[in-house]
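What follows is a single structure, written as structure tokens, with notes after it.
Please treat every number below as a calculation from the coordinates, not as lab data. All values reported here derive from a predicted model rather than from experimental measurement. Here the Cβ is made from the backbone with ideal geometry for all residues, glycine too, and neighbour counts use every protein chain on show.
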Amino acid sequence: MAGQGRLQPVALGCLLLMALAAVVVAAVSFGVSELPVRHALSLLVSPDGSPDSALVWDVRLPRALLAVMIGANLAVAGVLIQTLTRNPLASPQTFGINAGASLVIVLCLIALPELRGAGTVWPAFVGAAAVGLAMWALSVSGAMNDMKLALAGISIQLVLAALVQAILIANNAAQDIVYWLAGSINGAQWEKVWIILPFTLIGSGAALLAGRHFGVLALDETTGLSLGQNARRVGGLAAFLIVVLAGSAVAVSGPIGFIGLLVPHIIRRLAGGDQLTLIALSAIAGPLLLNAADLLGRVAAYPQEMPVGIVTALIGAPAFLLILWRQRAR
Amino acid sequence: MSLFQNSISRRQFGLLLGAAAAATVAAPALADDAARTVTHLLGSTEIAGKPQRIVALEFSFVQSLDALGVVPVGITDDNQPKRIEQLLGKKVEYSSVGTRLEPNLELVSALAPDLIIADQLRHSAIYAQLSAIAPTIVLNSWEGSYQTIKEGVVTIADALGEKDKGEKAVADHDAVIAALVAKIPAGEKRRFLLAVANADSMSLHTSASFTGSVFKAMGLTPAIDSTDAVESGASLERLIAVNPDVFLVATDAGGTVFDQWKSNSAFTNISAVKSGNLFEVDRNQFSRFRGLKTAEMIAGEILAKVYKAG
């Protein structure tokens, strides 16, 4: 792959960026309310303080930007977790990290109903970290192969989802929270953008800066040590970033699946396996995929809105099966 | 997401199971001259004499029983006795039998009831078990319209052996509503919407919901005309697109998405907000409870808030 020249990832990055810009503009100009697309576009360029302008700037734009950040978080977390565990089936969803964050958030929401907004980020980190730690321990113990580890992750996810269900049934609160649990950005507000923004910047930024070092994790540990790198320290950083990226995403949108699993695979096929390239391009492709899925969810159920988590699952599940099938064929 | 799918498949499964159970349970009961046959959504049930110990598995049944002067011995109160107090406007003596979603069958059985009133959506799956405990009738409460609830009062009265009392309660109620409706100015064309504010989005109640059908009975126009009672997960943009002229937001104590949306300047795009016809209402009264008294309360609140009358 590297032999085909270094321009390829840059060109691909430019293409992805253009596609992302186009999807964001489409997301901002299209909506269920009776606002002509052309008018919406002109308001995007020159806001005039009218309620229509507020619709574009305070309802649609934060939603599109929120999708950008959640998409980047999940995709980068996906790259890191696949590298860290050397498991192509790893993702924040399949390893139960999203479910861990959801469980602790739901517990906190039931116990403290006044907990809102930024307050849900910390419980999300606690849940994501607990599950992340367990999975990492399983993965470094070496007792399980890729497929077994993925199955273990999915089992953990199922247990946690069942616990969430039990809590909701016991509290008769299922109606209120079921939409959030599907993974949705319908409630997007600038407030949520500000909540996730620092974590996206720090998480993705750190992942990019340390990107070259993560390559060592893809090798086995003894090779990494002989190359003079402290694999354990790099691994710890990767685990920390996964928790921050996935946890903050779940806190603002609920658990959205498949982005973290699919994006690294797609990018790896298109641009090869270099860690830095993988992280950088995934940070663009994740937002592209999530924004496109959200737009699709708004069109498909028009004039209602399908939660974006349902759309990513509908697209992602067949793609996931394809990956499994190819893995087997190899 | 798995939760989302589970709840749907479970519901469908429950309906199938319930239908199958109804076919087997209703058949053998034939004898006893004093017994009445009460037909309901899952078939017909033989009831003898006048039941005294009644278990109600939905809030609306408790209110219907109250309209007939009966206090149930057991209620699925979701372990929140305060709600029952608010529902009836008074304190009553009863035993809790768990949550509406998952009634505790052992507690129901321990009360030795002679009549159980269950909800079609939530309890069809356990109809056979309930029927083994006591004669059970199944009505539509959870997705019930105003008309369904009214008919339910008569069915429940019939099950109690006092059908005329039920018909009288409904007639009295109709008179109360008619007196309230008479105060609404003629030619009201504005579109009314009730939305329940959740943590992250709103659930919009359509013409098929209980409140929506009360609006219609009052001669008012629900903003969303649909056969599905509730449209959940509505974003602010969807709300702006629905654009109600009179907007009632049902909130809980905890704080909801309404707190954030009302400070968003796009919110003023909504006709009701522009014209000062945005009102906050109690979620229990407007969304959780369904009954004759609740309908009167809704009509009264609308007159007081929207028409400054009543």
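Considering Cα pairs under 8 angstrom that are at least six residues apart, work out the relative contact order of chain B and quote it in whole percent.
In percent, rounded to a whole number, it is 16.
Rounded to the nearest Å, what's the spacing between the alpha carbon centres of the range A:86-100 and the range B:201-260? Just the number, please.
Using only Cα atoms to place each centre, the spacing works out to 38 Å.
Select from A:Val252, A:Leu163, A:Asn73 the residue farthest towards the positive end of the dipole of the protein assembly as shown; place +1 on Cβ of Lys and Arg, -1 on Cβ of Asp and Glu, and compute about the Cα centre.
Value: A:Asn73.
Which value in deg cm²/dmol, rounded to the nearest 500, describes the helix-derived mean residue ellipticity at 222 nm for chain B, given -39,500 (n - 2.57) per DSSP H run of n ≥ 4 and division by the residue count?
That calculation yields -12500 deg cm²/dmol at 222 nm.
Just want the answer: with Cβ charges of +1 for Lys and Arg and -1 for Asp and Glu, which residue in A:Gln82, A:Pro318, A:Gly100 is farthest toward the dipole's positive end in chain A?
Farthest towards the positive end: A:Gln82.
What per residue convex hull volume, in Å³, comes out for the range B:237-301 when only alpha-carbon positions are used? It would help to have the intermediate numbers written out before the result.
Values: hull volume 6.2 nm³, N = 65.
Once divided by residue count, the hull of the range B:237-301 is 95 Å³.
Give me B:Thr39, B:Thr206 sorted ascending by neighbouring Cβ count inside 10 Å, so fewest comes first. Walk me through the intermediate numbers first.
On the way: B:Thr39 12, B:Thr206 21.
So the ranking, lowest neighbour count to highest, is B:Thr39, B:Thr206.
Which residues in the range B:235-276 place their backbone N less than 11 Å from a point set 7 Å from the Cα of A:Ala301 along the Cα-to-Cβ direction?
Answer for this model: B:235.
If you project the alpha carbons of the range A:48-116 onto the principal axes, what extent comes out on each, in Å, largest first?
Ordered largest first, the range A:48-116 gives principal extents of 52, 32, 12 Å.
Who wins for biggest fluctuation among B:Ala112, B:Ala175, B:Ala253 in a Gaussian network model of chain B, springs between alpha carbons below 10 Å?
Between B:Ala112, B:Ala175, B:Ala253, it is B:Ala253 that shows the largest mean-square fluctuation.
Calculate, for B:Arg53 and B:Asn79, the FRET efficiency according to 1/(1 + (r/R0)^6) with r their C-beta to C-beta distance and R0 30 Å; round to the nearest 0.05.
0.90
Antiparallel versus total DSSP beta bridges in the protein assembly as shown: what percent is that, nearest 5?
In the protein assembly as shown, DSSP labels about 35 percent of beta bridges as antiparallel.
With the alpha-carbon atoms as the only input, what is the per residue convex hull volume for the range A:31-75 in Å³?
Looking at the range A:31-75, the number lands at 77 Å³ per residue.
What is the list of residues in the range B:65-84 whose amide nitrogen lies under 19 Å from a point 7 angstrom out from the Cα of B:Glu106, following Cα to Cβ?
B:74-79
Would you mind calculating the gained length between A:Met18 and A:Ile266 on full extension (0.36 nm times residue separation, minus the Cα-Cα distance), in nm to one decimal?
Extending this stretch completely gives an extra 87.5 nm.
Going from the alpha-carbon gyration tensor of the protein assembly as shown, what semi-axes, largest first and in whole Å, does one get by taking the root of 5 times each eigenvalue?
51, 31, 18
Using only the alpha-carbon atoms of the range B:185-306, report the extent along each of the three principal axes, biggest first, to the nearest angstrom.
Principal axes ranked by extent give 34, 30, 28 Å for the Cα atoms.
Using Cβ contacts closer than 10 Å as the measure, can you line up A:Trp180, A:Trp122 from fewest to most?
By the 10 Å Cβ count, ascending: A:Trp122, A:Trp180.
Any idea what the dipole of the range B:185-306 comes to, in debye rounded to 20, about its Cα centre with Lys/Arg Cβ at +1 and Asp/Glu Cβ at -1?
Dipole about the Cα centre, nearest 20: 260 debye.
Given the DSSP H assignment, sum -39500 (n - 2.57) over each helix run of at least 4 residues in chain A and divide by its residue total; what's the result at 222 nm in deg cm²/dmol, nearest 500? Intermediate results must be reported in sequence, preceding the final value.
Working: 15 runs with 248 residues, N = 330.
-25000 deg cm²/dmol, from helical runs alone.
If you consider only alpha-carbon coordinates, what radius of gyration and Dmax does chain B have, in Å?
Here Rg and the maximum Cα pair distance are 20.3, 68 Å.
Give me A:Met144, B:Met297, A:Met306, A:Met135 sorted ascending by neighbouring Cβ count inside 10 Å, so fewest comes first.
So the residues, fewest neighbours to most, are A:Met144, B:Met297, A:Met306, A:Met135.
First measure r as the distance between the Cβ atoms of B:Thr39 and B:Ala186, then evaluate 1/(1 + (r/R0)^6) with R0 = 56 Å and state the FRET efficiency to the nearest 0.05.
Values: r = 40 Å, r/R0 = 0.71.
Computed FRET efficiency for B:Thr39 and B:Ala186 comes out at 0.90.
So for the range B:85-191, averaging the separation of alpha carbon pairs under 8 Å that are six or more residues apart and normalising by length, what relative contact order in percent results?
15 percent
Using a Förster radius of 35 Å, what is the FRET efficiency between A:Ser50 and B:Thr227 based on their Cβ-Cβ separation? Nearest 0.05, please.
The pair A:Ser50/B:Thr227 has a calculated efficiency of 0.50.
Figure the gain on full extension for A:Ile323 and A:Ile110 (residue separation times 0.36 nm, minus the Cα-Cα span) and round it to one decimal in nm.
Full-extension gain reported as 72.9 nm.
Around B:Asn104, which amide H atoms from residues at least 5 apart in sequence, or from another chain, sit under 5 Å from its own amide H, with H modelled in the peptide plane?
B:Gly98, B:Thr99
Please report Rg over Rh for the range A:2-329, where both radii come from the alpha carbon positions and Rh follows the Kirkwood definition.
0.98
Would you mind checking B:Lys163/B:Lys305; B:Lys150/B:Lys274; B:Lys150/B:Lys189; B:Lys50/B:Lys150; B:Lys189/B:Lys262 for any pair whose Cα atoms are more than 31 angstrom apart?
Details: B:Lys163/B:Lys305 36 Å; B:Lys150/B:Lys274 36 Å; B:Lys150/B:Lys189 26 Å; B:Lys50/B:Lys150 21 Å; B:Lys189/B:Lys262 25 Å.
As for pairs spanning more than 31 Å Cα to Cα, those are B:Lys163/B:Lys305; B:Lys150/B:Lys274.
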